[in-house]
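No lab work stands behind these numbers, since they all come straight from the coordinates. All values reported here derive from a predicted model rather than from experimental measurement. Every residue, glycine as well, gets a Cβ built from its backbone with ideal geometry; the counts of neighbours run over all protein chains shown.
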C-alpha cells in the first residue's frame with residue numbers, strides 16, 4: 001500500500017501532550033483515586049503513584065491534554081517536491097483542536113489519508129478522545145466508528161515497519177538513524193515537554209520540536225517508499 005498511496009494526498013502529523021494538572025499532589029482526591037486505579041497494574045516496587053503520574057499522565061487522554069499539533073504534506077510542483085508545514089499550538093486545548101479540525105474539514109478531498117508514527121496507538125485516538133471531552137464533532141478522516149479496517153484512511157510508519165510483528169516498538173529517531181535520515185540535535189526530548197511547558201512556559205520551543213518530528217516522519221515515509229529525501233531548503237514553515 002505504501003508505494004501506491006498518493007503522496008500529495010497524505011497529511012502527516014504529530015502531537016505533543018502535557019498533563020492537565022502538572023503535579024500529582026494537586027489532583028483532587030477523586031482524581032488521585034482514579035489515576036491509581038488506572039495505573040496500579042504498571043507499578044513497580046521502586047515506583048510510587050507520584051512518579052508514575054510524572055511518567056504517564058501526559059500520554060493518558062483522561063489526565064493529559066494536547067498542547068501542539070504539527071502537520072505537513074508533500075507538495076509536488078513542476079520543478080520537484082517540497083514539504084509544507086503548519087503548526088497549531090495553544091494553551092486552550094479546545095481552540096487548538098478546533099483549528100486543526102477546521103483544516104481537516106476545509107481540505108476534504110485534498111487530503112484523503114493521515115499518517116503518523118505510532119499514530120494508530122497514540123496520536124489518532126488521543127486526538128479523538130480529547131475532542132469528545134471538549135464537545136467537538138470528529139471530522140470524517142478521524143471518525144472511524146463502524147468502519148472496517150481496510151476502510152480506515154490511516155497510515156502508521158511504525159506499523160509499516162512491524163511487518164506483522166506486533167511485539168515490536170521502534171522509535172522514530174531509531175528508524176531515522178538506520179535509514180540514514182539526518183535529524184537535528186534537539187535540546188529537548190518527549191520526556192522534557194511537560195517541564196518546558198509548565199516551568200519554562202516555552203510553548204514555541206515545544207512546537208519546533210514537534211515540527212522536526214513531522215519533517216523526520218515525512219522523510220522516513222519517503223525512504224520506506226524507496227524515494228529520495230527532500231532537501232532541507234525545500235521545507236516551508238507557516239504559522
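Relative contact order for region 103-239: 22 percent, from Cα pairs under 8 Å spaced at least 6 residues apart, divided by residue count. Once the mean of 1/r is taken over each pair of separate Cα atoms and inverted, region 4-76 shows a Kirkwood hydrodynamic radius of 14.4 Å. Could you tell me how far the Cα centroid of region 32-62 sits from the Cα centroid of region 69-111, in Å? When both Cα centres are located, 33 Å separates them.
What does the C-alpha gyration tensor say about the overall shape of region 181-239? Classify as rounded when a/c is under 1.5, otherwise prolate if a/b is larger than b/c, or oblate. It is prolate, given that a/c is not under 1.5 and a/b is the larger ratio.
Measure nothing but the geometry: give the 0 to 90° angle between the long axis through the Cα atoms of 123-133 and the longest principal axis through the Cα atoms of the chain, rounded to 10°. Taking the Cα atoms of the chain, the angle to 123-133 is about 50 degrees. Mean sequence separation of contacting Cα pairs (under 8 Å, at least six apart), scaled by the length of region 8-158, corresponds to a relative contact order of 28 percent.
Based solely on its DSSP helices, what 222 nm [θ] is calculated for the chain when runs of n ≥ 4 H residues each add -39,500 (n - 2.57) and the sum is averaged over all residues, nearest 500 deg cm²/dmol? Rounded to the nearest 500, the figure is -11000 deg cm²/dmol. Axis of helix 93-106 versus longest Cα principal axis of the chain: the two differ by about 20°, to the nearest ten degrees. The calculated FRET efficiency for residue 143 paired with residue 44, based on their beta-carbon distance and R0 = 30 Å, is about 0.20. In the chain, the longest principal axis of the Cα atoms and the axis of helix 203-225 are about 50 degrees apart. Given axes a ≥ b ≥ c from the Cα gyration tensor, I'd like to know whether region 60-216 is rounded (a/c under 1.5), prolate (a/b larger than b/c) or oblate. Judged from the Cα gyration tensor, region 60-216 comes out rounded (a/c under 1.5).
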